[in-house]
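The block underneath contains the structure these notes are about, expressed in structure tokens.
The values are calculated or read from the model by the stated rules, or taken from the named source; none is laboratory data. Quick caveat, the model's predicted, so the values are computed rather than measured. Here the Cβ is made from the backbone with ideal geometry for all residues, glycine too, and neighbour counts use every protein chain on show. What goes into the accessible areas is simple: the full protein's heavy atoms, side chains included, and nothing from ligands, DNA or RNA. Shrake-Rupley method; radii C 1.70, N 1.55, O 1.52, S 1.80 Å.
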Amino acid sequence: ETGVTQTPRHLVMGMTNKKSLKCEQHLGHNAMYWYKQSAKKPLELMFVYSLEERVENNSVPSRFSPECPNSSHLFLHLHTLQPEDSALYLCASSQDRGSSYNEQFFGPGTRLTVL
Amino acid sequence: QKEVEQNSGPLSVPEGAIASLNCTYSDRGSQSFFWYRQYSGKSPELIMFIYSNGDKEDGRFTAQLNKASQYVSLLIRDSQPSDSATYLCAVRSGYALNFGKGTSLLVTP
């Protein structure tokens with residue numbers, strides 16, 4: 001257990017559905033991240049939040065919408081996804097996104113399948 | 001494009017041997033370097049980090065960093081079958097971590 005939890009662990013959705021992924025960290029960290037891991041590809045950073053402010057958005061399609069209501073919780077809202085969006089979605093947190101030296105700790109991930 | 005390159009493997013070593021995993025990176029300004037282990041179907045788990053040139057040892061693991069050559073490696077001594085996993089190299093650039101595709105390690109009994 002890293003202190004970062006994610007729900008649900010598995011999700012199957014159709015292209016017209018709307019769903020949300022939830023992440024919660026119990027480490028007292030100030031920064032939270034969403035990553036996408038597809039087969040045969042490196043982890044891709046999607047969004048970075050620091051103290052509830054979005055500080056990076058790596059050209060992610062608008063069908064992915066993040067929300068960070070407080071420093072412990074992070075959501076990823078999904079709508080009208082495509083089959084190629086099927087992947088493992090990982091949440092991570094770190095003490096402070098501004099420091100070069102802080103380590104990121106990952107949650108268990110949500111395995112998403114889009115039909 | 002800030003790239004992190006790893007040999008995808010699989011790297012196969014016998015139990016008890018030393019496994020050597022290598023990583024190169026393109027951003028010369030990178031300050032910190034991380035090794036994560038990922039078992040199949042699981043999330044990445046941080047096992048080592050290194051910031052300064054030279055070696056850093058933690059139990060059976062040694063991370064080596066050479067910033068002039070833009071090269072970082074991970075040595076696993078006395079490899080065990082439980083070490084079989086994919087090892088991800090991550091390089092920090094700004095506040096993002098850039099990951100390699102990972103090297104698959106198989107330790108055979």
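The table below gives the values:
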| read-out | value |
| --- | --- |
| Cα-only Debye scattering, the protein assembly as shown: base-10 log of I(q)/I(0) at q = 0.11, 0.15 Å⁻¹ | -0.55, -0.99 |
| Convex hull of Cα atoms in the range B:1-54, direction-averaged projection (nm²) | 5.3 nm² |
| Whole-Å semi-axes of the range B:4-109's equivalent ellipsoid (Cα gyration tensor) | 22, 15, 11 |
| Heavy-atom SASA rank of B:Phe61, A:Phe47 (probe 1.4 Å, accessible area, largest first) | B:Phe61, A:Phe47 |
| Cα point-scatterer Debye curve for the range A:1-102, base-10 log of I(q)/I(0) at q = 0.17, 0.18 Å⁻¹ | -0.76, -0.85 |
| Cβ-derived FRET efficiency at R0 30 Å, A:Thr113 paired with B:Gln31, nearest 0.05 | 0.20 |
| Reachable lysines, given that their alpha-carbon falls under 22 Å from the alpha-carbon of A:Lys18 and they are not under 8 places away in the same chain | A:Lys36 |
| Cα centre as origin, Lys/Arg/Asp/Glu Cβ charges: the range B:31-91 dipole, Debye | 120 debye |
| Chains A and B, summed buried accessible surface - 1.4 Å probe, Å², nearest 100 | 1800 Å² |
| Cys with no candidate disulfide partner in the protein assembly as shown (beta-carbon separation under 4.7 Å rule) | A:Cys68 |
